[in-house]
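Here the structure comes first, spelled out in structure tokens, and everything after it is commentary.
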Amino acid sequence: MEGINFKDLKSDLLNNPDIQNSYDSLTPKYALISALIARRNELAISQRQLARKIGMKQPAICRIESGSSNVTLETLFKVAEAMDMEINIQVKD
């Protein structure tokens with residue numbers, strides 16, 4: 001049995017304008033998540049250590065990093081500050 005080539009599947013799906021729009025709308029979210037994870041790894045701290053530093057529990061950091069929760073700006077800034085990061089928000093017209 002032959003597997004599915006992910007790149008081909010993604011390309012085919014993104015030919016659909018509705019799927020492309022949904023995909024594009026998620027790009028900033030996942031770029032931010034990737035930056036947070038990269039910084040935490042760069043600092044060589046665990047999710048548990050980060051959570052303790054900001055008064056949260058490890059599962060909350062896991063949910064933020066997986067993108068499965070709608071994190072508040074306050075929490076997002078708290079996480080970023082704990083890792084000496086700066087988050088800039090840009091409003092587009």
Q: Could you tell me whether residue 24 is more than 16 Å from the chain's Cα centre (by Cα), assigned to a helix (DSSP H, G or I) and among the charged types (D, E, K, R)?
A: no
Q) Within the range 48-58, is even one residue open to solvent by less than 90 Å² (accessible area, probe 1.4 Å), among the aliphatic types (A, V, I, L, M), modelled with pLDDT of 95 or more and not in a helix (DSSP H, G or I)? A) yes
Q.
Suppose the filter is open to solvent by less than 80 Å² (accessible area, probe 1.4 Å) and modelled with pLDDT under 90; does residue 24 pass it?
A. yes
Q) Of all residues in the range 77-93, which are without any contact (Cβ under 8 Å) to a residue 40 or more places away in the chain and open to solvent by less than 70 Å² (accessible area, probe 1.4 Å)? A) 82
**Q.** Selected residue (criterion: farthest from residue 26 (Cα to Cα)) from residues of the range 59-76 that are surrounded by 13 or more Cβ atoms within 10 Å (Cβ to Cβ) and among the hydroxyl-bearing types (Ser, Thr, Tyr)
**A.** 75
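The values are calculated or read from the model by the stated rules, or taken from the named source; none is laboratory data. None of these values were measured; they are calculated from a predicted model. With ideal geometry, Cβ positions are generated from the backbone for all residues, glycine too; neighbour counts draw on all protein chains shown. These accessible areas exclude ligands, DNA and RNA; they are computed on the full protein's heavy atoms, side chains included. Shrake-Rupley method; radii C 1.70, N 1.55, O 1.52, S 1.80 Å.
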